[in-house]
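Enquirer: First, the structure itself, so that you have it in front of you.
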Amino acid sequence: MKRGNSKLGEDFMRSTNIKGPIGTIHIIEASPPVTAAESQALPVVFLHGMTVSANIWDAQLAHVARTRRAIALDMRGHGDSAPPEDGNYAPASCAADVFAVLDGLGLDRVAIVGHSFGACIALATAAAAPHRIAQLILADPPGDFTKVSAEVHEARIVPYQRVLETEDWRAAVETSFNEALTGSRAHTRDRILAWLAATPRDCLCGMYRGMFAFEAVDALDRYLAAPGTRAHAIIAPSNTFPFSLHILRPTLTTTTLPDTGHWLMLDAPEAFARELDICLEGV
């Protein structure tokens with residue numbers, strides 16, 4: 001395990017490399033102004049979505065670290081974490097990276113926050129080991145594409161998958177991202193599109209393949225069937241698709257943040273922080 005220090009804004013963060021199943025996993029840690037022994041609150045692990053890095057959680061790391069330990073991962077193929085040589089970005093495989101971090105840091109039980117594709121990874125992690133995830137927080141999760149109708153699958157999903165295998169793949173992805181940026185603030189749009197422009201094809205296509213095949217509802221059901229588990233979704237106003245998790249499973253409690261796009265933690269960091277505090281109360 002390699003440790004270093006970095007200064008992000010006004011908050012002191014530790015940069016750490018941990019050995020994972022496919023190579024280096026880079027994380028950022030932030031700790032409260034008390035020792036681990038003095039703090040009774042469980043740590044929080046943040047998982048980002050497509051194209052970005054752990055730094056997207058800077059504001060949330062600083063907020064949570066006032067009272068408990070906070071960790072954000074560069075997911076495989078992002079930031080300073082190693083990419084998979086076989087192109088495997090399936091949520092279950094990415095969950096193995098999360099467990100490597102938990103084990104490397106000696107964390108038996110945590111709360112986990114996943115955004116977008118990171119919500120799929122969070123679900124896969126929670127379903128695989130419910131006893132280790134005390135609270136599951138899904139930030140604008142993408143829903144369950146395995147539950148779309150056959151008509152929608154043939155009309156929307158299959159053509160999109162096909163274009164990802166052509167030279168027009170980037171234009172198609174940019175169109176998709178611009179749709180997701182509806183309602184976003186200008187600074188969010190600029191930052192996300194810059195990250196997207198720097199993301200290689202194999203990474204994007206691998207994540208899309210993993211997302212389209214991921215049985216998110218099944219993962220949520222398996223997690224919540226275990227004793228002592230809790231889940232909540234913080235969503236953007238546009239997350240009202242027939243395959244959205246909270247529509248497929250109305251028992252999943254949700255909070256909608258107004259005037260936000262898909263990257264709601266960037267659009268409304270203070271409101272997002274308030275929702276985190278509510279979700280983490282008693283954890």
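Enquirer: So what does the Cα-only Debye profile of the range 180-258 read at q = 0.14, 0.15, 0.22 Å⁻¹, as log10 I(q)/I(0), no solvent term?
Expert: -0.68, -0.77, -1.14
Enquirer: Given the Cα atoms of the range 111-161, and with Rh set as the inverse mean 1/r over their pairs in the Kirkwood sense, what is Rg to Rh to two decimals?
Expert: Here Rg/Rh amounts to 1.13.
Enquirer: DSSP loop GluC sites (Glu not before Pro) in the range 127-232 with at most 13 other Cβ atoms within 10 Å of their Cβ, which ones?
Expert: Listed in order of number, the matching sites are Glu165, Glu167.
Enquirer: Now for a different question. Taking every pair of alpha-carbon atoms in the chain, give the share separated by more than 25 Å as a whole percent.
Expert: 42
Enquirer: Follow-up question, since we're still on this one. Roughly how much of Arg209 is accessible, in Å² to the nearest 10, using a 1.4 Å probe?
Expert: Result for Arg209: roughly 120 Å² accessible.
Enquirer: To the nearest 500 deg cm²/dmol, what mean residue ellipticity at 222 nm is calculated for the chain from DSSP H runs of n ≥ 4 alone, each contributing -39,500 (n - 2.57), summed and divided by the residues?
Expert: That calculation yields -10500 deg cm²/dmol at 222 nm.
Enquirer: Over the range 151-281, calculate the relative contact order: mean separation of alpha carbon pairs under 8 Å at least 6 apart, over the residue count, as a percent.
Expert: The normalised contact order for the range 151-281 reaches 25 percent.
Enquirer: Under 8 Å for C-alpha pairs, at least 6 residues apart: give me the relative contact order for the chain, rounded to a whole percent.
Expert: 19
Enquirer: Loop only per DSSP, at most 12 neighbouring Cβ atoms within 10 Å: give me the GluC sites (Glu not before Pro) in the range 21-106, ordered by residue number.
Expert: For GluC sites (Glu not before Pro) across the range 21-106 that sit outside H, G, I, E and B with at most 12 neighbouring Cβ atoms in 10 Å, the list reads Glu38, Glu85.
Enquirer: Got a sec? Charge dipole of the chain, +1 on Cβ for Lys and Arg, -1 for Asp and Glu; which of Met50, Ile157, Cys279 is way out at the positive end?
Expert: The residue sitting farthest along the positive end of the dipole is Cys279.
Enquirer: Mind checking which of Cys120, Ala213, Ala59 is farthest towards the positive end of the chain's charge dipole, using Cβ charges of +1 (Lys, Arg) and -1 (Asp, Glu) about the Cα centre?
Expert: The residue sitting farthest along the positive end of the dipole is Ala59.
Enquirer: Using modelled backbone amide H atoms (1.01 Å from N, in-plane), which distant-in-sequence or interchain residues come within less than 5 Å of Thr24's amide H?
Expert: Here the answer is Ala82, since their amide H atoms fall under 5 Å of that of Thr24.
Enquirer: Give, rounded to the nearest 20 debye, the magnitude of the charge dipole that the range 159-283 has about its Cα centre when Lys and Arg contribute +1 at Cβ and Asp and Glu contribute -1 at Cβ.
Expert: That gives the range 159-283 a dipole magnitude of about 100 debye.
Enquirer: Regarding the range 126-227, what whole-number volume in Å³ per residue does the convex hull of its Cα atoms give?
Expert: That works out to 135 Å³ per residue.
Enquirer: Please report, in cubic angstrom per residue, the volume enclosed by the convex hull of the alpha-carbon atoms of the range 40-189.
Expert: Hull volume normalised by residue count: 141 Å³.
Enquirer: Follow-up. Explain nothing, just the number: dipole magnitude of the chain about its Cα centre with +1 on each Lys and Arg Cβ and -1 on each Asp and Glu Cβ, in debye rounded to the nearest 20.
Expert: Using only the charged Cβ atoms, the result is roughly 540 debye.
Enquirer: Next question. Using the Karplus curve 6.51 cos²θ - 1.76 cosθ + 1.60 with θ = phi - 60°, work out ³J(HN,Hα) for each residue of the range 140-157 in order, rounded to whole Hz, and write x for Gly and Pro.
Expert: 6, x, x, x, 10, 6, 6, 9, 6, 5, 4, 5, 5, 4, 6, 7, 10, 6
Enquirer: Sticking with this structure for a sec: Work from the charge dipole of the chain (Cβ charges, +1 for Lys and Arg, -1 for Asp and Glu, about the Cα centre) and give the residue of Ser176, Val101, Phe145 farthest towards its positive end.
Expert: Ranked along the dipole, the leading option is Val101.
The values are calculated or read from the model by the stated rules, or taken from the named source; none is laboratory data. Quick caveat: nothing in here was measured; it's all calculated off a predicted structure. As a convention, Cβ positions derive from the backbone with ideal geometry for all residues, glycine included, and neighbour counts pool all protein chains shown. All accessible areas refer to the heavy atoms of the entire protein, side chains included, with ligands and DNA or RNA removed. Shrake-Rupley method; radii C 1.70, N 1.55, O 1.52, S 1.80 Å.
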